[in-house]
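Take this structure first; my questions come after.
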Ligand SMILES: Nc1ncnc2c1ncn2[C@@H]1O[C@H](COP(=O)(O)OP(=O)(O)O)[C@@H](O)[C@H]1O
Ligand SMILES: [Mg+2]
């Protein structure tokens, strides 16, 4: 078959009679970092639980490294888990937290010691081996839980929103850390997030999910620059999306002509692609927010609401003033699928 290391085939997952993942097909390559991305409730955690063996399958199969694991118990799948809540043992120090799984394997003492040392070293925590979790920062605890999984040498590491409990700065640090660990260890990782910037920054490929289905699968560049559906476009920042037919676009409030020819379907613009101050469209400033280098505008017009983002060096337009704007051909994304 293909070069799939983890293969989900016609996977369907349900809670009782409620099917939340109807038919998922996904091949993950060895050494790949794949992100499952999507809004809350779209089935990311459920999919992870199934891969990990924490829930039984409603249908389909899961294989890892060529072996059907669909009915293999969780502890025999060779999978490591890192969750948003660190699930560390509070009464054990860092060394013992990492050693725990190795002790269960009844490895010789010297092997446990060297394994733990290597694990703590990988995540940059060797100097904190004696600390208990409560004496560590959130980022350090998350790195500890990563080390604890890594020392078990899993074939696949599943990370479910591992960064969402961290503050913005630590999140960025941990991102870099995760990338480094993945490059150093070459371990196959499945990373769940609802944050598109996290997925863009980390993943080799992104699986964008909606209602338990794959909306689009591709590289970060594919999803950011070539989203194929209105949902994907919206998720990746094309916040102004309209139906287009001929040279007429239609929004929730009404229609307006555009001054170029587009393929029928949808047309979408990022806020930064919209020019304000002049152009053939007219609206009223409904909101303006200073965002450092940019000023973000909400403009009411005959189409509905437009979001525009312009350099903060430009003079500000006040709320309530009427304003001209342009929806230029440059920066317009054409979406054929609906
Ligand atoms: N234990 C459960 N029992 C019943 N329904 C559940 C359970 N866990 C999750 N669900 C439902 O399954 C769907 C997918 O949930 P989940 O996989 O947790 O989403 P995500 O991780 O993408 O936020 C949601 O509609 C959620 O309400
Ligand atoms: Mg979840």
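If the requirement is being surrounded by fewer than 16 Cβ atoms within 10 Å (Cβ to Cβ), touching a strand residue (DSSP E or B) at 6+ places or on another chain (Cβ under 9 Å) and either without any contact (Cβ under 8 Å) to a residue 40 or more places away in the chain or in a loop (DSSP other than H, G, I, E, B) (or both), which of these qualifies: 87, 118? Walk me through how you get there before you give the answer.
Working: 118 fails: touching a strand residue (DSSP E or B) at 6+ places or on another chain (Cβ under 9 Å).
Every option except 87 fails the conditions.
Out of 247, 280, 309, report the one residue that is in contact with a helix residue (DSSP H, G or I) (Cβ under 7 Å, 6 or more places away or on another chain) and outside the structural domain of residue 31 (by TED's automatic domain parsing). Show your work before the answer.
Values: 247 fails: in contact with a helix residue (DSSP H, G or I) (Cβ under 7 Å, 6 or more places away or on another chain); 280 fails: in contact with a helix residue (DSSP H, G or I) (Cβ under 7 Å, 6 or more places away or on another chain).
The conditions single out 309.
Between 260, 236, which is in contact with a strand residue (DSSP E or B) (Cβ under 9 Å, 6 or more places away or on another chain) and buried (at least 20 other Cβ atoms within 10 Å of the Cβ)?
Working: 260 fails: buried (at least 20 other Cβ atoms within 10 Å of the Cβ).
The unique qualifying residue is 236.
Also, I was wondering about something else. Among the numbered criteria (1) closer than 24 Å to residue 129 by Cα; (2) free of Cβ contacts under 8 Å to residues at least 60 places away in the same chain; (3) within 18 Å of the chain's Cα centre (by Cα), which single criterion is violated by residue 165?
Only one criterion in (1) closer than 24 Å to residue 129 by Cα; (2) free of Cβ contacts under 8 Å to residues at least 60 places away in the same chain; (3) within 18 Å of the chain's Cα centre (by Cα) is unmet by residue 165, namely (2).
Do we find that residue 79 is under 30 Å from residue 167 (Cβ atoms) and touching a strand residue (DSSP E or B) at 6+ places or on another chain (Cβ under 7 Å) in this structure?
Criteria met by residue 79.
Among the residues of the range 53-60, is there at least one that is within 16 Å of ligand 2 (Cβ to nearest atom), under 18 Å from the mean Cα position of the chain (by Cα) and at negative phi?
Quick first cut of the range 53-60, residues within 16 Å of ligand 2 (Cβ to nearest atom) only: 54-55.
Next cut, under 18 Å from the mean Cα position of the chain (by Cα) only: none.
Checking the range 53-60: not a single residue is within 16 Å of ligand 2 (Cβ to nearest atom), under 18 Å from the mean Cα position of the chain (by Cα) and at negative phi.
Inside the range 1-83, counting only strands (runs of 3 or more DSSP E) that do not spill past its ends, which hold 1 or more residues that are within 13 Å of ligand 1 (Cβ to nearest atom) and modelled with pLDDT of 95 or more?
Working: elements: 4-15, 18-29, 33-37, 59-64, 79-83.
It comes to 4-15, 18-29, 33-37.
Return the total of residues in the range 122-166 being more than 16 Å from ligand 1 (Cβ to nearest atom) and either over 26 Å from residue 52 (Cα atoms) or not in a helix (DSSP H, G or I) (or both). Spell out how you get there, then give the answer.
Filtering the range 122-166 for residues more than 16 Å from ligand 1 (Cβ to nearest atom) gives 122-157, 166.
Next, only the ones that are either over 26 Å from residue 52 (Cα atoms) or not in a helix (DSSP H, G or I) (or both) stay: 123-132, 134-137, 151-157, 166.
Adding up the residues that qualify gives 22.
Okay, next question. Would the range 170-179 turn up any residue that is closer than 25 Å to residue 221 by Cβ, surrounded by 17 or more Cβ atoms within 10 Å (Cβ to Cβ) and under 11 Å from the mean Cα position of the chain (by Cα)?
Within the range 170-179, not a single residue is closer than 25 Å to residue 221 by Cβ, surrounded by 17 or more Cβ atoms within 10 Å (Cβ to Cβ) and under 11 Å from the mean Cα position of the chain (by Cα).
OK, next. Restricting to the range 284-303, give me the number of residues that are in a strand (DSSP E or B) and buried (at least 19 other Cβ atoms within 10 Å of the Cβ). So that I can check it myself, show each step before the final result.
Initial filter on the range 284-303 (in a strand (DSSP E or B)): 284-291, 294-301.
Next, from what is left, pick out any that are buried (at least 19 other Cβ atoms within 10 Å of the Cβ): 285, 295, 297, 299, 301.
Number of matching residues: 5.
In the list 202, 208, which residue meets the criterion of being buried (at least 17 other Cβ atoms within 10 Å of the Cβ), outside the structural domain of residue 328 (by TED's automatic domain parsing) and at pLDDT below 95?
Working: 208 fails: at pLDDT below 95.
After ruling out the rest, the residue left standing is 202.
I'd like the full set of residues that are under 28 Å from the mean Cα position of the chain (by Cα) and at pLDDT below 95, limited to the range 90-119.
119
A further question follows. Determine which single condition residue 306 fails, assuming it passes every other condition in (1) at pLDDT below 95; (2) surrounded by 15 or more Cβ atoms within 10 Å (Cβ to Cβ); (3) more than 30 Å from residue 176 (Cα to Cα).
Among (1) at pLDDT below 95; (2) surrounded by 15 or more Cβ atoms within 10 Å (Cβ to Cβ); (3) more than 30 Å from residue 176 (Cα to Cα), the lone unmet condition for residue 306 is (1).
Within the bounds of the range 32-49, is there any residue that is in contact with a helix residue (DSSP H, G or I) (Cβ under 8 Å, 6 or more places away or on another chain), away from ligand 2 (no atom under 16 Å from the Cβ) and either outside the structural domain of residue 188 (by TED's automatic domain parsing) or over 28 Å from residue 223 (Cβ atoms) (or both)?
So far as the range 32-49 goes, no, none of its residues is in contact with a helix residue (DSSP H, G or I) (Cβ under 8 Å, 6 or more places away or on another chain), away from ligand 2 (no atom under 16 Å from the Cβ) and either outside the structural domain of residue 188 (by TED's automatic domain parsing) or over 28 Å from residue 223 (Cβ atoms) (or both).
While we're here: Condition check: within 16 Å of ligand 2 (Cβ to nearest atom), in contact (Cβ under 8 Å) with a residue 40 or more places away in the chain, more than 15 Å from residue 159 (Cα to Cα) and surrounded by 15 or more Cβ atoms within 10 Å (Cβ to Cβ). Does residue 21 satisfy that? Before the answer, list the steps.
Numbers: within 16 Å of ligand 2 (Cβ to nearest atom): yes; in contact (Cβ under 8 Å) with a residue 40 or more places away in the chain: yes; more than 15 Å from residue 159 (Cα to Cα): yes; surrounded by 15 or more Cβ atoms within 10 Å (Cβ to Cβ): yes.
So residue 21 passes the test.
The values are calculated or read from the model by the stated rules, or taken from the named source; none is laboratory data. What you are looking at is a predicted structure, and each value in this text was computed from that prediction instead of being measured. Don't worry about glycine lacking a Cβ; one is built from the backbone with ideal geometry, like all the others, and counts go over all protein chains shown.
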